[in-house]
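First the structure, in the form of structure tokens, and then the observations on it.
The values are calculated or read from the model by the stated rules, or taken from the named source; none is laboratory data. Every value quoted in this text rests on a predicted model; they were computed, and no experiment measured them. Here the Cβ is made from the backbone with ideal geometry for all residues, glycine too, and neighbour counts use every protein chain on show.
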Amino acid sequence: MDGPTTWQSVRAEAQRRIRTREWPPGAQIPHEADLAAEFGCARATVNRALRDLAEAGYLERRRKGGTRVALTPVRKATFEISIIRQDVEGRGQDYGYRLLSDALEPPPAPVRAALKLTGPAPLRALTALHLADDKPFCLERRWINPAFAGDDVRFDTVSANEWLVRNLAFSGGGFSFYATLADAELSGLLECAPGAALFAIDRTTFSEAQPITAVTLTYAPGYRMVTEI
């Protein structure tokens with residue numbers, strides 16, 4: 001391989017061999033020590049690459065049984081965290097933003113569970129409304145670990161959504177997509193009829209074991225999410 005050998009480059013080469021069936025389904029791949037010698041890197045580098053491929057469903061690793069290419073590789077969907085402003089502008093509409101509230105508050109039990117928090121330490125609670133052509137587009141309700149965005153970070157003009165995507169790297173998290181009905185508060189904020197069907201997303205992000213944020217994004221009626229596989 002050209003350039004320095006990183007675990008990412010080892011992963012890419014191993015994935016290429018799986019896709020081209022140089023390593024066919026069910027086949028046992030070379031031992032880590034042999035791959036490390038071939039790629040000119042530490043065995044730990046190879047181990048990291050193979051672990052990542054196993055987590056992605058391409059490989060099956062068994063203690064004392066070696067590593068084999070999965071017979072039926074699991075395909076995982078990967079979602080990009082979008083910037084709502086860009087979503088609006090990409091639809092050919094003018095973007096607007098209003099910060100409705102920003103305060104330190106103790107998170108409720110569901111948020112503590114989602115962020116794997118054990119103590120009652122307060123989080124930064126924000127509510128913001130994103131607009132498209134001066135009409136409600138998305139309501140953002142977010143909890144942020146103040147260790148990652150303290151009082152010096154202001155969200156008066158730039159949304160927490162955009163600031164976090166642009167400034168913090170995350171290592172993992174989760175998504176939940178669901179339909180919900182507009183209650184009195186949502187119908188007022190999103191200017192829709194009570195009981196209207198709304199699309200919502202719950203998302204968490206972490207930096208290693210440290211929680212960064214938990215957010216609920218609720219979109220005005222008619223929103224359609226488009227992605228690729």
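Summary of values
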{"item": "Residue that is among the hydroxyl-bearing types (Ser, Thr, Tyr), in contact with a strand residue (DSSP E or B) (Cβ under 6 Å, 6 or more places away or on another chain), surrounded by 12 or more Cβ atoms within 10 Å (Cβ to Cβ) and touching a residue at least 12 places away in the same chain (Cβ under 8 Å), where the choices are THR67, THR45", "result": "THR67"}
{"item": "Selection count, the stretch 159-194, where residues are modelled with pLDDT of 95 or more and at positive phi", "result": "1"}
{"item": "Close pairs (7 angstrom Cβ cut-off, 6 or more residues apart or separate chains): assigned to a loop (DSSP other than H, G, I, E, B) in the stretch 198-224, aliphatic (A, V, I, L, M) anywhere", "result": "ALA220/LEU190; PRO221/ALA196; PRO221/ALA197; PRO221/LEU198"}
{"item": "Meets criteria (hydrophobic (A, V, I, L, M, F, W, C), within 21 Å of the chain's Cα centre (by Cα) and closer than 15 Å to GLY96 by Cα) for VAL165", "result": "no"}
{"item": "Strands (runs of 3 or more DSSP E) wholly inside the stretch 79-154 that include at least 2 residues being more than 21 Å from CYS192 (Cβ to Cβ) and without any contact (Cβ under 8 Å) to a residue 60 or more places away in the chain", "result": "95-105, 123-132"}
{"item": "Selected residue (only one of LEU126, LEU198, LEU131 is at pLDDT 95 or above, more than 21 Å from GLN93 (Cα to Cα) and buried (at least 17 other Cβ atoms within 10 Å of the Cβ))", "result": "LEU126"}
